[in-house]
Structure formats: structure tokens, C-alpha cells
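The values are calculated or read from the model by the stated rules, or taken from the named source; none is laboratory data. Everything numeric in this text was worked out from a predicted model, so none of it was measured. FYI the Cβ positions are ideal-geometry reconstructions off the backbone, even for glycines, and counts take in every protein chain you see.
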Amino acid sequence: MGLKLRVLYLGKMEFPRFRLVECDNEATMVVSPAVALLIQHPTLGNILYDTGNSADFLKTYTPEMLHNYPITEMITIEEALAKEGLTPGDIDQLILSHLHFDHAGGLQHFVGTKAIDHVLVSEADLKQAWWAVTTGNNGAYIRSLFDVEGIRFETIHDTTWLADDLGLFIQASHTPGVIGLILKTEHHGTILTTSDAIYTADSYRQALPPGGTINATTDEFYDNLERIKAMEKNYNATLLFGHDIDQILDWAGQGVID
């Protein structure tokens, strides 16, 4: 009996499309979901990949963040887990794709739980996050979201397998270290998650790099794009993108994916 995956929809942000991917029309809007993945593993227990936005975003996020990425629907990770009959205390392991506000925003719900002792992150992204918040170059990092009481980070810097059917790989795109997942399911084959290294299916198909000022250059996006294409072929995999509203709603509506 293999792992079971549930896609947890955590609400949405709505903003001009050029802030997500490169485009010429500044009037075009996009709906961008927040998402977490619940992996129920037969030997590793309940694993949560990302935690969505902070419930206290109006007070915690900077005016620039609230302006550029306005949250129009908020579902906390606690609320999403409750729909699955779980609480934050039922999570055995946390994995953060990276430490930006819409991925690490729900960590506060895990303070005092066993999961806060096992927060897997990319070493490169953790270094970038601390550099950013201690030099005033915050970007999309907010210290209070990830520097929570009792947190213990476990870092990886290369492909790491937690089990034969669950691997983590590092993407040096969007941030210096975005964790993607390799999920080998019994009935749906292998699933690769890209997180924000590749935002949407359109971004993948049309080779559209991130918009705004997130990446210093687009070179790392194109390098990662070619790598993901090779991995997709090698694993005969299905890709799950970081902020594709149609895909996220579709997969969330399917319930258990195994």
C-alpha cells in the first residue's frame, strides 16, 4: 500500500498577470491559488508540504505585498486539515518548498506540535531568507512567519529520498533553492511538483519565466525548465505546478490521489 496525496486548496490571490509570468499586457489579471500538499505515507506518517498564507496577513504582510499580491480568499492550513479530519498536531513532518510568505505563512499553527521539530527546507533558501530579513532586502520573506517558537530546520542541498516513493530535489530557480517533490503513486504514476520554480502549465508549455522582480535573471528558469522536461520524460511523470488555479482546483476536487 503506497502513499496517498491530497491537494489542499488554501484560497487565492488576484493580481496583474505580469507579476506572475512575463507578459506584455499589464491589464490582464490572474487568479493565483495558495496550496499545500498532504502526503499520507505508510511508514513516514502524515507529511505536509507548505502551509499557505498567514491568517494574520493584514497585520503581518508589508503594504507592498498586500498591494502586489492581494489575498481575496483565505483558508488557513488549520481549516484545510480539519476538512480531512486532522489537526496540526497530527502532522509528523513539515516540508517547505521555500520560505516565501504564501508558503510558510501557516507555520504558526504548528508551534508546540511534533512537526515543528522536523521542518525540512533547502539550505540555500534558508540562507537566502535569513540574509534577506537581516539586511532589509526582504522581498517575499517575512521573518515572523518562519522564525516561530521552537522551530527546528533540517536542511537539504541535493536530491534526498525520504522513502523509495518520496524524493525531494532542489531547484535553483525563483529562490536559490526551491524544493520539488518526486511522488511515486500506485495508480497515478509518478508526480513531480515544481512549486514556484514553474508557476503554471502555460509557463511550462510556453517557456514563460516569472514576472516581476523575483528572479535576478531568467537564466536559472530556463535551466530548470530543461531539467524538469528531462525528469518528466525519465519518470514518465505528471507535473503539478505551484500556482495553476485550474489544475489546483481540479486536483483538490479529486480527493485522494494514490
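Tabulated data
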item: Answer from ASP219, ASP223 - the residue that is in contact (Cβ under 8 Å) with a residue 40 or more places away in the chain, over 19 Å from the mean Cα position of the chain (by Cα) and more than 23 Å from VAL30 (Cα to Cα); result: ASP223
item: Selection from region 140-174 of residues that are polar (S, T, N, Q), assigned to a loop (DSSP other than H, G, I, E, B) and modelled with pLDDT of 95 or more; result: THR159
item: Of the criteria (1) in contact with an Asp or Glu (Cβ under 9 Å, 6 or more places away or on another chain); (2) assigned to a loop (DSSP other than H, G, I, E, B); (3) within 20 Å of LEU58 (Cα to Cα), which one ASP102 fails; result: (2)
item: Cβ-Cβ under 9 Å pairs, at least 6 apart or on other chains, region 97-111 side without any contact (Cβ under 8 Å) to a residue 12 or more places away in the chain, far side surrounded by 24 or more Cβ atoms within 10 Å (Cβ to Cβ) and of a type outside the set (S, T, N, Q); result: none
item: Output for region 244-258, where each listed residue is more than 22 Å from GLY167 (Cβ to Cβ) and not in a helix (DSSP H, G or I); result: GLN254, GLY255
item: Count of region 119-142 residues which are surrounded by fewer than 17 Cβ atoms within 10 Å (Cβ to Cβ) and either without any contact (Cβ under 8 Å) to a residue 12 or more places away in the chain or in contact with a strand residue (DSSP E or B) (Cβ under 7 Å, 6 or more places away or on another chain) (or both); result: 7
item: Residues of region 184-208 that turn out to be farther than 17 Å from LYS233 by Cβ and either assigned to a helix (DSSP H, G or I) or not β-branched (Val, Ile, Thr) (or both), as a count; result: 11
item: Test for MET74: is it more than 26 Å from ASP219 (Cα to Cα), surrounded by fewer than 20 Cβ atoms within 10 Å (Cβ to Cβ), in contact with a Gly (Cβ under 6 Å, 6 or more places away or on another chain) and not aromatic (Phe, Trp, Tyr); result: yes
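So that you can scan it fast, the table gives a plain yes or no per residue for (1) acidic (Asp, Glu); (2) in a strand (DSSP E or B); (3) within 19 Å of the chain's Cα centre (by Cα):
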site	(1), (2), (3)
GLY11	no, yes, yes
PHE15	no, yes, yes
GLU26	yes, no, no
VAL30	no, yes, yes
LEU37	no, yes, yes
LEU48	no, yes, yes
MET65	no, no, yes
